[in-house]
Amino acid sequence: MPRTLLNVCEAVAVKAVSVEQATGSREDNVMATETERIRIKMESYDHRALDASAKEIVEHARKTNARVSGPVPLPTRIERYTVLRSPHIDKKSREQFELRTHKRLIDIHEANARTVEILNRLVVPAGVFVRIKA
């Protein structure tokens with residue numbers, strides 16, 4: 001059965017009511033729904049290493065029966081630099097370089113303690129920067 005936005009909202013509302021009844025406060029409900037998602041942002045100059053790392057994270061998360069959305073490619077940041085080829089003559093002769101920063105976003109829903117443990121022990125290649133936000 002495909003999950004529509006209405007079904008998801010109903011499920012969240014039912015869960016919110018059950019948490020509210022169990023704890024007696026609505027603020028605890030907000031904290032309970034926020035801690036269920038782990039957001040992983042990854043950046044790298046090498047897109048192949050980035051995609052391999054993202055694939056590995058998704059595989060490990062799915063082994064622990066966590067629901068994964070992603071990897072979502074975020075816009076690539078391109079920094080361009082123009083320099084003179086010669087320091088003294090030929091002002092019209094220039095060379096251009098660019099530095100591309102590729103980004104991916106992975107959301108892990110319904111993560112358990114085993115998922116967090118596996119993510120903490122995961123080794124990513126050099127040059128891939130990973131930020132985990134719970």
Suppose we filter the stretch 43-71 for residues that are assigned to a strand (DSSP E or B) and modelled with pLDDT of 95 or more; how many remain?
2
Checking 117, 95 in turn, the sole residue that is over 23 Å from residue 43 (Cβ atoms), within 19 Å of the chain's Cα centre (by Cα) and assigned by TED's automatic domain parsing to the domain that holds residue 50 turns out to be 117
Flagged in the stretch 98-134 as surrounded by 11 or more Cβ atoms within 10 Å (Cβ to Cβ), under 17 Å from residue 52 (Cα atoms) and not β-branched (Val, Ile, Thr), in numbering order, are 102, 103, 104, 105, 107, 119, 122, 125, 127, 129
Taking the stated definitions as given, is residue 69 surrounded by 12 or more Cβ atoms within 10 Å (Cβ to Cβ) and either of a type in the set (Gly, Ala, Ser) or outside the structural domain of residue 116 (by TED's automatic domain parsing) (or both)?
yes
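The values are calculated or read from the model by the stated rules, or taken from the named source; none is laboratory data. Predicted model only: the values in this text are computed from it and were never measured. Note that we place each Cβ from the backbone using ideal geometry, even for glycine, and neighbour counts take in every protein chain shown.
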